[in-house]
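Read through the structure below, which is laid out as structure tokens, and then see the notes.
The values are calculated or read from the model by the stated rules, or taken from the named source; none is laboratory data. Since the model is a prediction, treat every value here as computed from it, not as a measurement. FYI the Cβ positions are ideal-geometry reconstructions off the backbone, even for glycines, and counts take in every protein chain you see. Just the protein is used for accessible areas: all its heavy atoms, side chains included, with ligands, DNA and RNA removed. Shrake-Rupley method; radii C 1.70, N 1.55, O 1.52, S 1.80 Å.
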Amino acid sequence: MSEHESTYVPKTGVEKWLDTRLPIIRFGADYMSLPTPRNLNYWWTFGGILALCLMTQIVTGIVLAMHYTPHVDLAFASVERIMRDVNGGWLIRYVHANGASMFFIAVYLHMLRGLYYGSYKAPREMIWIIGCVIFFLMIATAFLGYVLPWGQMSFWGAEVITNLIGAIPVIGEPILIWLRGGPAIDNATLNRFFSLHYLLPFAILGCVVLHLWALHSAGQNNPVGILIPADRSKKDMLPFHPYFTLKDGFAIILFLLLFAIFVFYQPNALGHADNYIPANPLQTPAHIVPEWYMLPFYAILRAIPDKFGGVVAMFSAIGVLFVLPWLDTSKVRSMRYRPTMRTFFFIFLVVGVGLGWCGGQLPDAPVIPGLGGVVLLDGNLNSYLWLTRLFTAYYFLFFLVILPFVGLKETPLPIPATISEPVLTGADAMPAFAPASPEKKG
Amino acid sequence: MAETGVIPEGEGDPNRRDFIHIAAGAAAVGAGAMIAWPLINQMNPAADTLALASIEFDLTKVQEGQQVVIKWQGKPVFVRYRTPAELQRVIADDHASDLKQPQTDAERTKPGHEKYLVVVGSCTHLGCVPTFGAGDYGGWFCPCHGSHYDASGRIRKGPAPLNLVVPDYEFASDTRVKIG
């Protein structure tokens, strides 16, 4: 399904000349005519949305860098100048800041789609692993970018996150000093964070190229999860353009509506008010939280009573995703046909959101106010500390125990031989008199 | 599907699909332009830059026969207090044949304040700052490519095409000038 025949025929003399030297138009044309499973649903549109997010961040970021000054004395003022004096600067900065959140909304949905439909299984392991690399780079880039305005949250976020590295025994402390460029977060830190924040998006872009290359080599997964047999490709596949460009385009419009609501009506809803206070190395804000998209991992960090243990748990929560293709023992890709696993998946979904919620609360606060509760070990059972620990336990159990075990024990539902079968035999089968090729109508 | 509402297509007439294509294309171009505009406009001078567009200068700081160089919008501005001898010479040259851009000295100064000359101190050739008091005409000499200006800032010899530019300015009082 990947090696589809090129249907591009160069028409003009210039195109023919170019085609034998640099077949770039052929590359684009082949991409557009790529056979795509016709049953892709809207969960498959997040790839295009993410591409748009990356381009938005790069373009607005390059523009912001024209006005931003990476110096501890000037950074905060230069950001305020962008907001007040630069033509349209407020818009560009709000798009960039909210764009990061939008990027993470899309990437989490994209990853959950992959998890639900088994898009990480053979022969698509490399697509998934490169995707995990991109996710990790996104977290790093978002963190570095959050430091740049040099507000209170920027400064103390940088303080806390770099201290995570310092928790590593023996080598942690020297690495920490090397990373910060001094004994504390200071101008040297800000300068290198700015440099890296500019660099990493292009590393992400490179990984996206690899991600797409791997995708087009292995072929797209689909909601049924079966590999489409070669003799069915005429019936079960549609060219990428116009069918999926339009579907992606419609999803992008809906996504941009949500984006616009945040940018124009709630531009600071996803941020923290304390970041409009200039960084003060002598006073920590009362309640320090990371951006919402980091909260689940922040919660896992706090769940472990040991400093280094917490860091290991947090990085393992991301690391476990890399080996996911080998943790899932089931040969069935789509959870549509795995009812037992599907239940565990939806619990995982609730747990993931729950971890995010817990990450934003004070650990000692009671989950149910007014209820006494029992003290177990180092905390009250009726506290976010123990709720977080419960969720953290499920997070790791899901990947390390449930996925391998259920795959071996469950009985999946019968899997259709083709992607058309469930449509033609199911209750929602298309009526036979529906127009066969609506694109031919005037 | 009811096809009764479909108008029969004429040969080569645009049909509804063509219309959708054109409408969608036009909407895309419009949206693209709307997105591009703030990204382009941000490179224009910002509000705080524009706020520095005009400055005031106290003329008592210039001695007769001297000039003071001040920075206005990032560029040097010469404020020159000319001696009677210099004034006499530039007025005498008002209609000299070697003027590339003929202007009288009166056209380059404010009435009643002829002794003060205010010009942007960038050579009209390639932007170097001309040297005060040097050159064949007692005005300025540009060290980069050898342009000679007289004490009215008019180009007399060398590669520069135009006279030194007189910025917009006015006298706020007899001793204060507002440039810009």
- Considering B:R80, B:R89, which residue is closer than 18 Å to B:T60 by Cβ, touching a residue at least 40 places away in the same chain (Cβ under 8 Å) and not aliphatic (A, V, I, L, M)? B:R80
- Taking segment A:309-349 as the region of interest, how many residues are among the hydroxyl-bearing types (S, T, Y) and assigned to a loop (DSSP other than H, G, I, E, B)? 3
- Message: I need the full set of residues from segment A:85-101 which are open to solvent by less than 30 Å² (accessible area, probe 1.4 Å), more than 10 Å from chain B (Cβ to nearest Cβ) and of a type in the set (G, A, S), in order please.
- Response: A:G99, A:A100, A:S101
- Item | A:R232 being in the same structural domain as A:R338 (by TED's automatic domain parsing), charged (D, E, K, R) and in a helix (DSSP H, G or I) | no
- Note on the structure: Of the residues in segment A:20-51 that are within 27 Å of the chain's Cα centre (by Cα) and open to solvent by 60 Å² or more (accessible area, probe 1.4 Å), the one that is nearest to the other protein chains (Cβ to nearest Cβ) is A:M32
- Considering residues that are buried (at least 16 other Cβ atoms within 10 Å of the Cβ) and within 14 Å of chain B (Cβ to nearest Cβ), the number found within segment A:70-82 is 4
- Task: Of all residues in segment A:186-234, count the ones that are open to solvent by 60 Å² or more (accessible area, probe 1.4 Å), more than 27 Å from A:I58 (Cβ to Cβ) and polar (S, T, N, Q).
- Result: 0
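What is the residue count in segment A:57-66 for residues that are within 11 Å of chain B (Cβ to nearest Cβ) and surrounded by 19 or more Cβ atoms within 10 Å (Cβ to Cβ)?
Looking only at that region, the number is 3.
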- Message: Being among the hydroxyl-bearing types (S, T, Y) and in contact with a Gly (Cβ under 9 Å, 6 or more places away or on another chain) is the filter here; which residues of segment A:320-343 pass it?
- Response: A:T329, A:S330, A:S334, A:Y337
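Yes or no, residue by residue, for (1) modelled with pLDDT of 85 or more; (2) surrounded by 11 or more Cβ atoms within 10 Å (Cβ to Cβ); (3) assigned to a loop (DSSP other than H, G, I, E, B):
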site: A:I368; (1), (2), (3): no, no, yes
site: A:W386; (1), (2), (3): yes, yes, no
site: A:L390; (1), (2), (3): yes, yes, no
site: A:A393; (1), (2), (3): yes, yes, no
site: A:L400; (1), (2), (3): yes, yes, no
site: A:G407; (1), (2), (3): yes, yes, no
site: A:I415; (1), (2), (3): yes, yes, yes
site: A:A427; (1), (2), (3): no, no, yes
site: A:G442; (1), (2), (3): no, yes, yes
- Item | Tally of residues being surrounded by fewer than 18 Cβ atoms within 10 Å (Cβ to Cβ) and not basic (K, R) across segment A:293-309 | 5
- So which pairs qualify, if the first residue must be in segment A:173-201 and under 18 Å from A:Y146 (Cβ atoms), the second must be of a type in the set (K, R), the Cβ gap must be under 6 Å, and the two must be at least 6 apart or on different chains? A:T189/A:R180
- Item | Set A:L179, A:L115, A:L109, A:L137: member being of a type in the set (A, V, I, L, M, F, W, C), in contact with a Lys or Arg (Cβ under 9 Å, 6 or more places away or on another chain) and in a helix (DSSP H, G or I) | A:L179
- Query: Scanning for something surrounded by 11 or more Cβ atoms within 10 Å (Cβ to Cβ) and away from chain A (no Cβ under 14 Å), does segment B:30-52 turn up at least one residue?
  - Reply: no
- Any residue in segment A:253-261 that is in contact with a helix residue (DSSP H, G or I) (Cβ under 6 Å, 6 or more places away or on another chain), surrounded by 15 or more Cβ atoms within 10 Å (Cβ to Cβ) and not assigned by TED's automatic domain parsing to the domain that holds A:N380? yes
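Kindly indicate whether any position in segment A:10-29 is among the hydroxyl-bearing types (S, T, Y) and within 30 Å of A:Y198 (Cβ to Cβ). Show your work before the answer.
To start, the set of residues in segment A:10-29 that are among the hydroxyl-bearing types (S, T, Y) comprises A:12, A:20.
Checking the rest, the ones that are also within 30 Å of A:Y198 (Cβ to Cβ) come to none.
No, that holds for no residue.
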